[in-house]
1. Please give me, ordered by residue number, the GluC sites (Glu not before Pro) of the range 74-158 that lie in loop per DSSP and have at most 13 other Cβ atoms within 10 Å.
2. If you wrap a convex hull around the Cα atoms of the range 89-150, how much volume per residue is inside, in Å³?
3. Using 0.36 nm per residue, how much length does the chain from TYR148 to ARG34 gain when fully extended, once their Cα-Cα distance is taken away?
4. Once amide H atoms are built 1.01 Å from N in the peptide plane, which residues 5 or more positions from VAL154, or in another chain, come under 5 Å H to H?
5. Taking a 1.4 Å probe, which of TRP43, TRP90 shows the most accessible area, and what order do the others take after it?
6. Rank these by accessible area, largest first, 1.4 Å probe: ASP112, ASP48, ASP143.
7. Measure up LYS28/LYS81; LYS28/LYS151; LYS85/LYS137 against 24 Å on the Cα-Cα distance and list the ones that go over.
8. Separation between the GLU63 and ARG49 pseudo-spin-labels, each 7 Å from Cα along Cα→Cβ, expressed in nm?
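The values are calculated or read from the model by the stated rules, or taken from the named source; none is laboratory data. Computed from a prediction, not measured in an experiment: that's the story for all the values here. Cβ coordinates were reconstructed from backbone atoms using ideal geometry, including for glycine residues, and neighbour counts include every protein chain displayed. Just so you know, the surface numbers come from the protein's heavy atoms only, side chains and all, with ligands and any DNA or RNA stripped out. Shrake-Rupley method; radii C 1.70, N 1.55, O 1.52, S 1.80 Å.
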Amino acid sequence: MTYEFSTDFNNALPQNDLALIPAGTLAKVTMTLRPGGFGPGQWLTKSDRTGSVYLNTELTILEGPYAKRKVYHLIGIEGAKRNAKGEDTWGMNGRTMIRSILESARNIHPNDRSQSAIEGRTINDLLELMSIEFGIKIGVEEDKSGNYQPKNTVLSIITPNYSSYSSVMGVTSLRPQASDVPETPVPSAQPSWINT
């Protein structure tokens, strides 16, 4: 290594030149929880501005051409806004996502109402989500304010009712798959009203 290379970084690529993973890419990922210092086990993060609570997650792609690349996603736990019915949509969307993650990881069809499926959608502690492996469809999110570069996000969770489940997860679905059944969509990861 020459002295000039070690001190002059003008020839390094700008951060925004790192190509995004194409929208629609399917991937098997493992999830890491990024502790936020709030709630049980300090795994949750609370927004100073809105009081909204969420899981800050890092998803690492396990296989294929994008192996080791990461996608970051917030999972809502409790939000500051309510819909017309007074329901916490941020929290409801987060619960839906966690249910889908468990179904993907544990090969549970969304329509399965058996006792084993009910138990499979239950966790005792948030720490059970650490290192869980599941399938996702990757999207590209544009920043509407124009202040930030586009970034990869989770578009949907690949559950066993989706035709690509077996190829993404490397296991055979416990239930017949239908190619016309869409994957479980993931609500917006970060609504405009949340400020982390």
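1. Values: sites: GLU78, GLU87, GLU103, GLU119, GLU128, GLU133, GLU141, GLU142; in loops: GLU87, GLU142.
When the GluC sites (Glu not before Pro) of the range 74-158 are filtered for loop state and at most 13 Cβ neighbours within 10 Å, GLU87, GLU142 remain.
2. Details: hull volume 8.5 nm³, N = 62.
In the range 89-150, the Cα hull volume divided by residue count equals 138 Å³.
3. On the way: separation 114, 0.36 × 114 = 41.04 nm, distance 2.17 nm.
Value of the extension gain: 38.9 nm.
4. Counting only residues 5 or more places away or on other chains, the set is GLY139.
5. Numbers: TRP43 45, TRP90 10 Å².
Descending order: TRP43, TRP90.
6. Values: ASP112 25, ASP48 155, ASP143 50 Å².
Most to least solvent-accessible, the answer reads ASP48, ASP143, ASP112.
7. Details: LYS28/LYS81 32 Å; LYS28/LYS151 18 Å; LYS85/LYS137 30 Å.
Flagged as over cut-off: LYS28/LYS81; LYS85/LYS137.
8. Calculated label separation equals 4.0 nm.
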